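Everything below concerns the one structure shown next.
The values are calculated or read from the model by the stated rules, or taken from the named source; none is laboratory data. Since the model is a prediction, treat every value here as computed from it, not as a measurement. Here the Cβ is made from the backbone with ideal geometry for all residues, glycine too, and neighbour counts use every protein chain on show. The area values use the complete protein model at the heavy-atom level, side chains included, leaving out ligands, DNA and RNA. Shrake-Rupley method; radii C 1.70, N 1.55, O 1.52, S 1.80 Å.
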Amino acid sequence: MPPIPCPSCGAPLPPYASGCPACRIPLTGPVAARLWYVDQTLATLRAERVELLTALRSGRSPAQVPVTTSGQVGDQRPADPGLPGVPGVPGAPAAPRPPAGAVPLRTWTTQQTLLAIGVLLVLVASSIALAFAWFVIGRYGQVLLMGGFTALAAVAALLLSSRRLPSSAEALALVCGGLLVLDAAAARRLGLFALDQVDGRVYTAVSGALVALLLAALHRRDHRIAGFALVALTSASVGWAGVVSLGDSSPAAAATLALLGAAVFGAARVLLPRTWGLTRRACSGPAALWTALSGLLAFGGALAAYRPDGDGRPEATALACLVVLLIITAAGATVVREVVRGRVVTHGSTHAVLTAWRRAPFSGDWRALGVVAVVASVSLPAAVLGSGLQAGAFGTAVLAVLAALTAVALLGLRPLGTGVASQWFELQAFLGLVVLLLVSFVHGQQYACVVVLLSCALTATTAAALRPGWRAAAAAAAATATVGAVVVAAAMVSVTAQSLALTATGLALTLFALARPRTAEERPVGGVGCTAQLLALGVAVAGSLSSWVQLAALLAITASGAALAVLRPRLRAVWAAAACTSGTWATWLVGEPASAQVRWGLLAALPVVMLTLAAWRRRTEEEVVLAVAALVVALDAVATAVGREWPHAAAGCCAAYGVLAVMYAALPARRRAVIVGVLFLTAGSWVESAHAGVDTPEAYTLPLAVFLLAAGWWSRRQLREVSWWTLGPGLIVALLPSALLTAADPGPVRSVLTATTAVAILLAGVARRWQAPVVVGAVATVIVALTRLGPLTLQLPQYLTLGTLGIVLLAVGARYEQRRADARQALSWLASMT
């Protein structure tokens, strides 16, 4: 039969291929099944077209062409691949085919459930019968009875299988296997042939092997009964467990015997003839199981031999366990490689094999191989861990250097290697270094930690240089390992050296990141560098180090933040904020050796610098950061001056900051900053007034009112000439507090001046048609009038007060409609003002 061509590129497909080895197109799943159905339909239609044309040319009816009741040629299509033997339905989707090598999922039917329950009941009944037979029929009767049941079950299973009853045959095969195991256990329990004198472990090994051979022979007799093979392998595993138990005195011996069991089962998988059927094919499962158990036993023995207070000499048991782990690594890697090579024949290419393995790494035919691969990959790091624990701190450092040199050699010898084998070896080297790093911390020797960290940094740097795909992660690992080595090495000297070393390392890493723009290593290295600088500052502050050590860390952070803000615009606001914060802190520390006045002067000068930078960098992200930082530092400077009872300095600062804010507000689209200027100028006047002991309220309200009126009038165009925005705040602050205070002031000065000013403002508003002066002036005048007439009203006779109110109400009632029209006219006139 000629090979089937690829539907995409036309290349011949190997048998049982899951994809095309030439164009890499997958050919499994529902879409591929539907494509096959469409291709078959097109081929059938082409053949039918040729037959119809031939029939038309010859003038005879075509053969085997169905005709519908309407006289037209009917539709004949190939069978749907999802429904074998049923004619295809136009547009019907094809049933998906399972991928090559996949094992279909099995579901329990009602018959299988009943048979399983029956097997369980028969086994339980047999166990009960065995217990009763102990007291009733004696040893030999029991042997004959149970042996007869076992032979009957085996014969019945073979008979039912020959009659095409697979589920019943499988059930009886399991019964037969279970009874055979019970017979083997009962033979020693009953003391037949002096078997009770034999060591239990030896008897388990021999009986398990014999039972396995007998069941394997039954499966060889009929390959359709899988139960015989499964119970045979289970019995063989139990028998080998007896062999492993012979080495219970030494973990190394037990691990070696378990590994030997894996080799025995693996050899059976390779060497047994195909006539052994499932018994041969399923040997890979016990082989993988014993490989994993051997690794666990060896690793446990290596850990158990570790003594923290030992003399550093490795024990023989630990060395043997480490050798077993190394053998597992080498043998497991070899087995995986050979199995992958062997399956290339059926899958077409190594890529197809690995793709099929990745889809189901621990299921079907890949289960045992996946277990072996995991155990082999973990065994070498486990051996490195045990070696490091046994070798001590110095030995761990030597192992780290060797592992680093090995990794560098692998990376250098295969600079462009992308094969699975090379990647696996490189991964093993990296895992070994990580394990040795943990071991060095366990030993607690700082020099060993430094050596291991430097080895990790060397390996990661080489990987970043030679493996472009790993560059980001490798660069981050190299930078982190370098910082860790610096931290541990400097800690051997002093905390001060640690902080300074961290500062220098972080600054160097940040500069390196800035020198490598738009590369994979820029962000990870820069992030580690910034973290190192923050860590240096934390060490200096937590250790209460001298101010110059803290100053060095702060200056480094300031320089890094400023450089990043200029050269990396994405996070410019964040870097600008960091530079402002650290710069302010550094400025405060610079003035520490001098007097308090000098230190405060440096702090007070910072807002000027920050606001100047904000004006220079306007319309950028850092403008807002600089302006907010200037405001915060200005408030801090003023609060510091007030707290130290320097009123003139505080007032001068407020005045200077207010003027600066007004100047900043003069810039285009920055007029809102005038509010800050008004507040600072007002605060300055208040501080001076409070220091002079002035208690007149107008001394505090009138300056604010003047500044508000000036700011509003200056910003009248931005405020759209609305009087409530330009003049309203200032007039309210100037008039209403004084008008309300007239109620508590018996003197005539405040009331006369307030009323006169209010009336003047009212008249000016009427003249310029400004609503705010009219309303505020009228309200202030009414408040003054009420506060002055109120006491006099209370002193008049009651009949005069009541009569006056009555006359007013009569006058209003008589001319109500006219007054209402006048009120509407007045409101309309007031609303027409700006």
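With R₀ fixed at 22 Å, the C-beta to C-beta distance from His648 to Ile675 puts the FRET efficiency at about 0.30. A straight chain from Val198 to Leu296 at 0.36 nm per residue would run longer than the Cα-Cα distance by 32.3 nm.
What you get for segment 315-437, charging only the Cβ of Lys and Arg (+1) and of Asp and Glu (-1), is a dipole of about 420 debye around the Cα centre. In a reduced charge model with +1 at each Lys and Arg Cβ and -1 at each Asp and Glu Cβ, segment 469-603 shows a dipole moment near 440 debye about its Cα centre. Simple spin-label estimate for Val598 and Val632 gives 2.8 nm between the two label positions (7 Å along the Cα-to-Cβ direction from each Cα). Fully extending the segment from Ala360 to Leu534, taken as 0.36 nm per residue of separation minus the present Cα-Cα distance, adds 58.0 nm.
Along the positive direction of the dipole of segment 564-629 (beta-carbon charges: Lys, Arg +1; Asp, Glu -1; about the Cα centre), which of Trp575, Ala629, Val608 reaches farthest? The Cα lying farthest towards the positive end belongs to Trp575. Per residue, segment 201-296 exposes 45 Å² of solvent-accessible protein surface, assessed with a 1.4 angstrom probe and all protein chains in place. Using a probe of 1.4 angstrom, how much of the accessible area of segment 323-400 is carbon and sulfur, in percent? Carbon and sulfur: 72 percent of the exposed surface of segment 323-400. Under 5 Å between amide hydrogens, built in the peptide plane, is the criterion, and for Gly19 it picks out Leu27 among residues at least 5 positions away or on other chains. In loop segments of segment 320-417 as defined by DSSP, the chymotrypsin sites (Phe, Trp or Tyr not before Pro) with at most 13 further C-beta atoms inside 10 Å of their C-beta are Phe362.
The simple Förster model, with R0 at 22 Å and r as the Cβ-Cβ distance, assigns Ala185 and Leu246 a FRET efficiency of 0.70. Here segment 575-667 has 72 percent of its accessible surface on carbon and sulfur atoms, given a 1.4 Å probe and all protein chains in place. Averaged over its residues, segment 585-700 has an accessible area of 52 Å² per residue, based on protein heavy atoms and a 1.4 Å probe.
Share of carbon and sulfur in the accessible area of segment 497-539 stands at 71%, probe radius 1.4 Å. By the gyration tensor of its Cα atoms, with a ≥ b ≥ c the square roots of the eigenvalues, what is the shape of segment 447-603: rounded for a/c under 1.5, prolate for a/b over b/c, or oblate? It comes out oblate by the Cα gyration axes. The residues of segment 352-456 expose on average 45 square angstrom of accessible surface per residue, using a 1.4 Å probe on protein heavy atoms. Summarising the label geometry, the points placed 7 Å from Cα in the beta-carbon direction at Arg337 and Ser349 lie 2.2 nm from one another. Using the Cβ-Cβ distance between Ala605 and Ala639 with R0 = 22 Å, the FRET efficiency computed as 1/(1 + (r/R0)^6) comes to roughly 0.85. Given their separation in residues at 0.36 nm each and the Cα-Cα distance between them, Leu260 and Leu740 gain 162.4 nm when the chain is fully extended.
Restricting segment 630-700 to GluC sites (Glu not before Pro) that sit in a DSSP loop and have at most 12 other Cβ atoms within 10 Å of their own Cβ leaves Glu645.
Label-to-label distance, Leu763 versus Ile117, with points set 7 angstrom from Cα along the beta-carbon direction: 11.2 nm.
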